[in-house]
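Enquirer: Mind looking over this structure? Questions follow.
The values are calculated or read from the model by the stated rules, or taken from the named source; none is laboratory data. Since we're looking at a predicted model, the values are computed, not measured. Cβ: placed from backbone, ideal geometry, glycine included. Neighbour counts: every protein chain shown.
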Amino acid sequence: MLLAGVLVGAACSGSSTPHKSTTPGKGSVRLAPSSLVNPFMGTGVGGAAVGDINTSPAAALPFGMIEWGPDTAPHRASGGGYHDGDTALSGLSLTHLSGPGCPAYGDIPILPAVGTLTGAPETVTAPFVGGSQRAAPGGYSVTFAHPSVRVDLAVTTRTGLARFTFPPTCPMRVWPPLE
């Protein structure tokens, strides 16, 4: 049990949120293990010897069936779908393979958009606001720019939930247009 705690502390970094001890009568502070997780770790390049690491900050749970998260553009990583340093998303899909380096054909990305789409839908990307991405075990959020669309994703062991918050003055569009 002690070894597992040491491995989590050594392998993960991130902001620590203190929680009061659950032991009655003790005023000590301890950390929730989930506060030590940094889902963005490994989303970049591991140097010349390692290359792309291809992990994803997608909302995921241990042994879960869904990894609901971002696919970046223009450098979408094979399998993982996310490349640190990209400034746009090509969609949000429900399956990601973390670190394999193999393409995951068959993903169906969802990209919330405002206004008229021009060109082929599979070529549309949306820039996101720098610093707006947040990830934690079981959750991911991002805000798109121009116009501002907020995306909040969450997962349970077998389901994925999404909340898209559109600007209040934007008309709803359906693609392809209904005839």
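Enquirer: Name the residues in the stretch 134-160 that are polar (S, T, N, Q), surrounded by fewer than 16 Cβ atoms within 10 Å (Cβ to Cβ) and within 13 Å of Ala59 (Cβ to Cβ), would you?
Expert: Scanning the stretch 134-160 gives Thr156, Thr157, Thr159.
Enquirer: Mind checking which residues of the stretch 106-133 are over 26 Å from Thr43 (Cβ atoms) and either surrounded by fewer than 10 Cβ atoms within 10 Å (Cβ to Cβ) or under 15 Å from the mean Cα position of the chain (by Cα) (or both)?
Expert: Hits for the stretch 106-133 are Thr116, Thr118, Gly119, Ala120.
Enquirer: For residues that are touching a His at 6+ places or on another chain (Cβ under 9 Å) and at pLDDT below 75, scanning just the stretch 29-49, find the one that is farthest from Gly139 (Cα to Cα).
Expert: Looking at residues that are touching a His at 6+ places or on another chain (Cβ under 9 Å) and at pLDDT below 75, I get Val45.
Enquirer: In the stretch 134-172, how many are among the small types (Gly, Ala, Ser) and under 11 Å from the mean Cα position of the chain (by Cα)?
Expert: Qualifying residue count for the region: 6.
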